[in-house]
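The block underneath contains the structure these notes are about, expressed in structure tokens.
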Amino acid sequence: MRHHLFEWKEGLLIALNAIRANKARSILTTLGIVIGICSVALMATAINGIDKAFVEGISSLGADNLHIDKYAWFSNEDFFLMRNRKNVTMDQFERFKKLAKLPLAVAPTILTVHKVLFGDNYVEGTLMTGTTDEYVRTTNFNFGRGRFFSPVESNGARNVAVLGSEVAAHLFEKQDPLAKTVKIDGIPFRVIGVLDKQGSTLLGNFNPDNQVYIPIGTVFKYFRRNRDTVTIVVRAPSTEMINATKEEALGLMRRVRGLMYDEKDDFAINQQEGLTENYNQVVGVIKLVGLFITGLSLLVGAIGIMNIMFVSVKERTREIGIRKAIGAKKRTIMGQFLTEAAVICLIGGLVGLLLAIGLSMIINKFLPTSVQMNTVILAITISLLTGIVSGLAPAWTAAKMDPVEALRYE
Amino acid sequence: MNIINLENITKIYQVGSEEVHALDGVSLKIDRNEYVAIMGPSGSGKSTLMNILGCLDTPTEGKYDLKGTDVSDMSDNALAEVRNREIGFVFQTFNLLPRATSFHNVELPLIYAGIPAARRHEMAEVALSSVGLKDRMLHKPSELSGGQRQRVAVARALVIGPSIILADEPTGNLDSKTGEDIMTLFHEIYEQGNTIILVTHEEYIANHAKRVIRLLDGKVESDKQVANHTVPARGK
């Protein structure tokens, strides 16, 4: 064991010496690995960033929530069959709310899309969530200004609105939106609250930042028919209780919708878990493709290393002969050149990683990115592996040289 | 006891479609603490013989016993170990590692032998002192004269205490004065009880040895003791 250690230390010294002796060449060769590792690290960082943004976005909507709906979010059931189901009505919601014991909060929601206008500024196609005052307790919303609507405003179907941060910024620019009147489809609403930035751009229009919240009664008053279907949002008291809450909801909804024991459920209880699964499927493909493409640039770097190692072996034929004459074994010579390739790649990998960290700090200003420990470990491991793999063929060439031939080499 | 015992050694090279018999049935015995010169014109097979004696190459046929062990068909790695432990090479072109110091060059066989650092340093220092280069330990070959380089090579050959010192035209790249110094060094090493095999084509160099083996066309032409071999003058 100690034996190997000496040899390896000798190999390391030789490697550092060889790199120092051919500075320009080493730098150029390393550059290939720097770029390769940098792009792999950036890719991994971007993926981490997207994942993190997604998780944050999801949790801003409330991670422990159930969504009772006529439609299942992710299912193979025929959409038209689901469409023919009875609507989930406000009456059903009221009865459910009265009967449910477990939930922390229960709120009906209905979506509608309208143009929101203030002065000359407007946002076309804004997603409105009509809901009750209790909805805010199903979310993790933070308020920049003002508050959510009160029970009185909710029950009285008042013309009040809570704006998402993006909507508010767009309509009001530098002004304070509070107590101003915006027009939704020409109907005046008073702004009573503005949300802080909630997080994820990934949720698109479903991002709370791009939404407007108004009382559900108001939605029915102006925009939707009374018997339209609503989604009941149920917040479980804790993640551990989510299954119990779901069980209770299932039973209650069957009762509320008057289903016989032998009838199938004609509603769905959706969870964000489904959303996560769906996300993982889509983003998984993007990840694979991205890493494959960046992997190609690493491959080009690796070929550069292999090329330069072959040159290095050729140049040092005589040195190999000398070493063999005084007792270096195949393994020793092999180890020496593998170490050299690995050291070049490791240096390249570290530089590439630092570069990636620097770049991701800049990119972070536009897109959410995050350099994580696993990216660092990944980059270092990959660069080491690249070195070993690309050094293998040259090192073997060196190891199997005939000492007599090698000593004669000029 | 014979330290080297060659029996009917044959080495055949394939050059194109022709077979070249570089060595053709060479048999010889060399005792411990002998000082032998191997001579012969170019093409006589003396380089091939040296490569086989030095375990750098294996014979096509025949048996080579080194210290009682048959090394004629050992694996490459086993041969590497034998070279490391039993053979000290001194080459015409010195063959030092150009980027390493004298000290590191001398230390190298010890690294391959797996000797711990402290012991290694001590041994390397002793070897360099014995060739009179204690004050040149941290010089690189390019900072040394030809004679000094060859002394470093001799120190490297000696450092592990090998069974034989194999010197291939050790004075070939040196002027006659420096060459004479190196031959004096070899004589001292011989007197300390080492076995030296010298490959040369110079009569006056071969005359330093006590026994001269002449090769011709891959065969031993003559094998004689030298009655009045040159004993170099003492001192430097």
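Some observations on this one:
- All conditions but one from (1) touching a residue at least 24 places away in the same chain (Cβ under 8 Å); (2) under 24 Å from the mean Cα position of the chain (by Cα) apply to A:Leu296; the one that does not is (1).
- Among residues of the range A:76-89 that are of a type in the set (A, V, I, L, M), those with a beta-carbon under 6 Å from a residue that is in a loop (DSSP other than H, G, I, E, B) at least six positions away or on a different chain give the pairs A:Met82/A:Tyr71; A:Val88/A:Lys70; A:Val88/A:Thr229; A:Val88/A:Val230.
- Across the range B:138-181, the number of residues qualifying as farther than 27 Å from B:Glu81 by Cβ and over 13 Å from the mean Cα position of the chain (by Cα) comes to 20.
- Taking first residues from the range A:253-272 that are free of Cβ contacts under 8 Å to residues at least 40 places away in the same chain and partners that are buried (at least 18 other Cβ atoms within 10 Å of the Cβ) and not charged (D, E, K, R), the Cβ contacts under 8 Å between residues at least 6 apart in sequence or on separate chains come to A:Asp265/A:Met253.
For (1) farther than 23 Å from A:Gly11 by Cβ; (2) of a type in the set (Val, Ile, Thr); (3) more than 9 Å from every other protein chain (Cβ to nearest Cβ); (4) not in a helix (DSSP H, G or I), each residue gets a yes or a no:
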residue: B:Arg99; (1), (2), (3), (4): no, no, no, yes
residue: B:Val106; (1), (2), (3), (4): no, yes, yes, no
residue: B:Gly114; (1), (2), (3), (4): no, no, no, yes
residue: B:Met123; (1), (2), (3), (4): no, no, yes, no
residue: B:Val126; (1), (2), (3), (4): yes, yes, yes, no
residue: B:Asp135; (1), (2), (3), (4): yes, no, yes, no
residue: B:Pro162; (1), (2), (3), (4): yes, no, yes, yes
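- Flag for A:Ile37 being among the hydrophobic types (A, V, I, L, M, F, W, C) and over 30 Å from A:Ser390 (Cα atoms): no
- The range A:150-170 - residue that is more than 37 Å from the chain's Cα centre (by Cα) and not polar (S, T, N, Q) and, of those, surrounded by the most Cβ atoms within 10 Å (Cβ to Cβ): A:Glu153
- Residue in the range B:40-49 that is farthest from B:Val20 (Cα to Cα), counting only those that are more than 10 Å from every other protein chain (Cβ to nearest Cβ) and crowded, with 21+ Cβ neighbours inside 10 Å: B:Gly40
- Looking at the range A:1-100, the helices (runs of 4 or more DSSP H) lying wholly inside it that each contain 3 or more residues that are within 14 Å of another protein chain (Cβ to nearest Cβ) and modelled with pLDDT under 80 sit at A:2-21.
- Among (1) more than 18 Å from A:Asp133 (Cα to Cα); (2) part of a helix (DSSP H, G or I); (3) in contact (Cβ under 8 Å) with a residue 60 or more places away in the chain, the one test that A:Ala168 misses: (3)
- Restricting attention to the range B:72-85, the residues being closer than 13 Å to B:Leu6 by Cβ and under 17 Å from the mean Cα position of the chain (by Cα) number 0.
- Hits in the range B:73-88 (condition: over 10 Å from A:Gly327 (Cβ atoms) and in contact (Cβ under 8 Å) with a residue 24 or more places away in the chain): B:Gly88
- Scope the range A:303-332; condition assigned to a helix (DSSP H, G or I), within 12 Å of chain B (Cβ to nearest Cβ) and not hydroxyl-bearing (Ser, Thr, Tyr); matching residues: A:Glu315, A:Arg318, A:Glu319, A:Ile320, A:Gly321, A:Ile322, A:Arg323, A:Lys324, A:Ala325, A:Lys330, A:Arg331
- Index of the failed condition, A:Gly335 passing every other in (1) part of a helix (DSSP H, G or I); (2) away from every other protein chain (no Cβ under 14 Å): (2)
The values are calculated or read from the model by the stated rules, or taken from the named source; none is laboratory data. Bear in mind the structure is a predicted one, so any value in this text is a computation, not a measurement. All Cβ positions, even for glycine, are placed from backbone atoms using ideal geometry, and neighbour counts span all protein chains on display.
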